[in-house]
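Enquirer: Below you'll find the structure I mean.
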């Protein structure tokens with residue numbers, strides 16, 4: 001059990017280090033790419049890719065699971081996520097401030113639809129599994145099986161043949177369990193190094209310190225899971241903001257049917 005906890009800590013630190021670029025002090029794509037490449041040996045054809053996904057060739061030897069969330073809930077959740085992270089330098093930011101960043105594509109990792117649409121366009125590729133956050137919440141068992149099947153028939157078989165194991169996977173996939181596990185603090189790196197000095201590549205250690213530890217002057221923790229619900233945006237937007245979101249969505253998704261994914265989530269129609 002201790003071994004599993006250690007692996008989770010290491011994976012969590014990798015996520016925190018590699019996935020985060022602060023709004024005020026964005027790090028270069030090359031820094032993130034170096035950290036990622038130190039974790040996984042990517043096929044040669046992807047190693048030099050540096051452009052947007054729309055012009056990038058996905059490696060045939062890799063499997064990609066993409067989880068999309070409706071833009072309203074994503075905006076609200078991303079606001080709280082950004083506000084909580086020391087490296088974002090956004091602790092004094094308001095939702096109104098973040099809303100302006102969101103609808104102008106200036107949030108961390110770029111615009112919402114700039115990220116979503118290229119993946120949506122590739123949803124039928126054999127090595128891409130495109131699912132929604134809402135599917136995971138509403139049809140959790142079926143969606144977990146779908147993910148297992150995509151990763152390999154042996155994984156689906158292991159779930160179907162062992163009900164207790166399957167239930168354990170479901171239990172450990174819920175928000176309440178993850179709230180207790182996905183917690184990051186500045187001492188996380190030291191604890192991992194103490195257990196195994198060679199557990200993490202230097203690139204990951206350096207990036208984690210730069211974007212998470214350095215901005216923190218006192219002990220602090222960040223929980224990566226807050227509510228984990230559908231409809232988190234209810235009551236967060238003013239009427240004017242909802243109208244602007246509508247125009248933003250219509251402009252960004254013109255010529256696509258991507259919003260068919262969330263007909264039941266549109267706060268202007270619910």
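The values are calculated or read from the model by the stated rules, or taken from the named source; none is laboratory data. Note that the structure is a prediction, hence the values are computed from the model and not measured. Please note: Cβ atoms are built from the backbone with ideal geometry, for glycine as well, and neighbour counts cover all protein chains shown.
Enquirer: Suppose we keep only residues that are crowded, with 17+ Cβ neighbours inside 10 Å and closer than 20 Å to residue 72 by Cβ within segment 134-148. Which one would you say is modelled with the highest pLDDT?
Expert: Per the stated criteria, the residue is 134.
Enquirer: Give the residues of segment 79-109 that are touching a helix residue (DSSP H, G or I) at 6+ places or on another chain (Cβ under 7 Å) and within 24 Å of residue 264 (Cβ to Cβ), sorted by residue number.
Expert: Passing the criteria: 79, 95, 99, 102, 103.
Enquirer: Could you please give the count of residues in segment 121-133 that are closer than 22 Å to residue 169 by Cβ and either in contact with a helix residue (DSSP H, G or I) (Cβ under 7 Å, 6 or more places away or on another chain) or without any contact (Cβ under 8 Å) to a residue 24 or more places away in the chain (or both)?
Expert: Qualifying residue count for the region: 4.
Enquirer: Does at least one position in segment 151-166 carry a residue that is in contact (Cβ under 8 Å) with a residue 24 or more places away in the chain and surrounded by fewer than 17 Cβ atoms within 10 Å (Cβ to Cβ)?
Expert: There is at least one residue in segment 151-166 that is in contact (Cβ under 8 Å) with a residue 24 or more places away in the chain and surrounded by fewer than 17 Cβ atoms within 10 Å (Cβ to Cβ).
Enquirer: Would it be correct to say that residue 112 is touching a helix residue (DSSP H, G or I) at 6+ places or on another chain (Cβ under 6 Å), surrounded by 13 or more Cβ atoms within 10 Å (Cβ to Cβ) and on the phi < 0 side of the Ramachandran plot?
Expert: Yes, satisfied.
Enquirer: Let me ask you something else. Scan segment 116-130 and tell me whether some residue there is more than 30 Å from residue 245 (Cα to Cα), under 17 Å from the mean Cα position of the chain (by Cα) and either at pLDDT 70 or above or surrounded by 17 or more Cβ atoms within 10 Å (Cβ to Cβ) (or both).
Expert: No.
Enquirer: Turning to a different aspect of this structure: Can you tell me how many residues within segment 170-190 are part of a helix (DSSP H, G or I), surrounded by fewer than 15 Cβ atoms within 10 Å (Cβ to Cβ) and either within 24 Å of the chain's Cα centre (by Cα) or modelled with pLDDT of 95 or more (or both)?
Expert: The number of residues fulfilling the criteria is 7.
Enquirer: Only one of (1) at pLDDT below 90; (2) buried (at least 17 other Cβ atoms within 10 Å of the Cβ) is not met by residue 92, so which one is it?
Expert: (2) is the only condition that residue 92 fails.
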